[in-house]
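Enquirer: Dropping a structure here in structure tokens format, bear with me for questions.
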Amino acid sequence: MSTSCSNKTEKVEGSTVVVGNGKEDMSIFRPPVVRSGAAALNRALFSKKVDLAAATLHDNRLLSKYRKALLDSKELLRLDRVSPIVSHPDKALADQGRKCLILSPGINAQAPETWGPVLTEAVKKQDLAVIPYELRLEYDYWSYHDVMSSILPDELHGDIPAGFNTAGHVAHLNLRDRYLPYKKVIAEVLLDKNPQITTVINKVDNVGTESEFRTFQYEVLAGPDDLQVKVTEGGCLFDFDYAKVYWNSKLETEHRRLIDLFQPREVVCDVMAGIGPFAVPAGKKGVFVWANDMNPESFYYLKDAIEKNKVSQFVRPFCEDGRTFILKAADLVVDAANKGECAIMPGKRPTRTKTAAGGPTAPTPEPTRIPIPATISHFVMNLPASAIEFVGCYRGLYAGHEALFEPATATKLPLIHVHCFSYKADDETPLNDICQRITKELGFPMRPGNPDVEGEVAIHDVRDVAPAKRMFCASFRLPRELAFASRS
Ligand SMILES: C[S@@+](CC[C@H](N)C(=O)[O-])C[C@H]1O[C@@H](n2cnc3c(N)ncnc32)[C@H](O)[C@@H]1O
């Protein structure tokens, strides 16, 4: 046989193997079929023996030379997560430190015609011998996907639940009905294969129980019913009860995108702040944030995050309906600026406090005073199911305060970032839909475009949420006519 011809790479679930002569049966590396249904997971059933061959070296010093040569000639086993270098299967020889190299499937110890050129030559030189080798693959070897493919019937293989949300040690599934009979087994395998996860929950869909605070009903599928989680996002620690407040780790990129727009010393108003994934990291970079959430539990954990992350000079927590908070925040910020409120940052000592000669300690620099500006630069409204309905509340935001903005000063009116859902489409359909809805609520014509042009909206595609639904963020500057309208 010549292994140098007709090499091909075959993808086996969870493993890639390069086949020497193109004739190997790759199914030998698939996990055993364990159609135990919804019964308890029996890990022992996933043990599998695979008959292969190994090259046993007469001198271990030749190990690296032959490992490379056999790899290059495609005669060495190449299987993800399996080292081809193993102890000799004979215990006495193994105790003497003798090693073997596991060979590619298709190579048969008893059939020299299946050996490639490197093996043939090395055997001739008596550098090595080819022996049968039994490779054992156990439950721990198989990936989550391998194990679930073994357990689930063929008709459920297309959509094996994998894209779960995590919050600290909790994995949060939202299983489709057809996977529910297997929910306990799915949860057990997830626990086994994700060491950082210790509790698996599934969303329980009780029609009409969706909370206004975006919390959900759940059942524990595996692990303790402990949903007090610790999560790090944007360099900040959040320690909260996942059952009582909204948290979605899939929004991390969106949080970062908006935080990157905010400049230190600006003011941001987060109308539906949750426990602060926009507000707290923004505060950490020196942005003043007026952060509000109507859920008292979110307010509690928002205050906790402000304290734990030491951003209380920059982030102020509130707990009220966002509809009333919008105008109130604008007024509070004007008041704070008029009163000269500020953050005071301690002066930083130079790292070396003594002169090279061991002289006097350098004086502590003066603290830096960072005044709160009078105007809000950004509003954030992440309540996608209904935030667009809140945009009418901006009417009269800066009534009587024309002097604070362009053209009297260089300050622009605030940018409003409204999260919302719309259709999934490759054309303008979602953009037009979102602009029509904003127009209706605002009472001012808005169209897709550049947010710096009055009447235009930039629409960012945030993420997929359902087969026909996506989440977007619509950003626009508050039109002058509305900002300075009288408050009704
Ligand atoms: C989708 S969550 C977003 C939370 C946070 N901004 C984030 O990105 O994770 C929406 C939040 O709006 C809050 N909420 C719901 N109705 C509200 C209202 N009328 N006023 C203020 N907050 C509200 C909920 O309690 C929830 O925390």
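Enquirer: Got a sec to turn the phi values of the range 29-34 into Karplus ³J(HN,Hα) couplings, 6.51 cos²θ - 1.76 cosθ + 1.60 with θ = phi - 60°, whole Hz, x for Gly and Pro?
Expert: 3J(HN,Hα) across the range 29-34, in whole Hz: 9, 7, x, x, 7, 10.
Enquirer: Provide, as a two-decimal number, the C-alpha radius of gyration of the range 239-483 over 2.2 N^0.38 Å, N being how many residues it has.
Expert: 1.13
Enquirer: Leaving out ligands, DNA and RNA but keeping every protein chain, what accessible area does Ser312 have, in Å² rounded to the nearest 10, with a 1.4 Å probe?
Expert: 80
Enquirer: Another question, then. Magnitude of the Cβ-charge dipole of the chain, K/R +1 and D/E -1, about the Cα centre, nearest 20 debye?
Expert: It comes to approximately 1520 debye.
Enquirer: Accessible surface of Tyr141 in the full protein assembly, 1.4 angstrom probe, to the nearest 10 Å²?
Expert: Its heavy atoms expose roughly 30 Å² to the probe.
Enquirer: Taking H placed 1.01 Å from N in the peptide plane, check which residues at least 5 places from Leu52 or on another chain put their amide H under 5 Å from its amide H.
Expert: Tyr133, Glu134, Leu135
Enquirer: Leaving ligands and nucleic acids out of the surface, order Arg43, Arg477 by accessible area at 1.4 Å, largest first.
Expert: Greatest to least solvent exposure: Arg43, Arg477.
Enquirer: Quickly estimate the mean residue ellipticity at 222 nm for the chain, helices only: each DSSP H run with n ≥ 4 gives -39500 (n - 2.57), and the total goes over all residues, rounded to 500.
Expert: -6500 deg cm²/dmol
Enquirer: If you count, for each residue, the other Cβ atoms within 10 Å and average over each peptide, how do 90-99, 431-440 line up from highest to lowest?
Expert: Packing order, densest peptide first, comes out as 431-440, 90-99.
Enquirer: For the chain, with all protein chains present and a 1.4 Å probe, just round the carbon and sulfur fraction of the accessible area to a whole percent.
Expert: Percent of accessible area from carbon and sulfur atoms in the chain: 52.
Enquirer: Keeping all protein chains in position, work out how much accessible area Met345 exposes to a 1.4 Å probe, and write it in Å² to the nearest 10.
Expert: That residue has around 70 Å² of solvent-accessible surface.
Enquirer: On alpha carbon coordinates alone, what is the Rg over Rh value for the chain, Rh being the Kirkwood radius?
Expert: Ratio value, two decimals: 1.14.
Enquirer: Whenever you get a sec, line up Tyr139, Tyr423 from highest to lowest accessible area (probe 1.4 Å, protein heavy atoms).
Expert: From most accessible down to least: Tyr423, Tyr139.
Enquirer: According to the Kirkwood expression over distinct Cα-Cα pairs, how big is the hydrodynamic radius of the range 144-226, in Å?
Expert: This gives a value of 13.4 Å.
Enquirer: Keeping all protein chains in place and using 1.4 angstrom, which order do Tyr133, Tyr66 fall into by accessible surface area, from largest down?
Expert: Highest to lowest solvent-accessible surface, that is Tyr133, Tyr66.
The values are calculated or read from the model by the stated rules, or taken from the named source; none is laboratory data. These numbers were taken from a predicted model, which means no experiment stands behind them. For neighbour counting, all protein chains shown are included, and Cβ atoms are generated from backbone atoms with ideal geometry for every residue, glycine included. The area values use the complete protein model at the heavy-atom level, side chains included, leaving out ligands, DNA and RNA. Shrake-Rupley method; radii C 1.70, N 1.55, O 1.52, S 1.80 Å.
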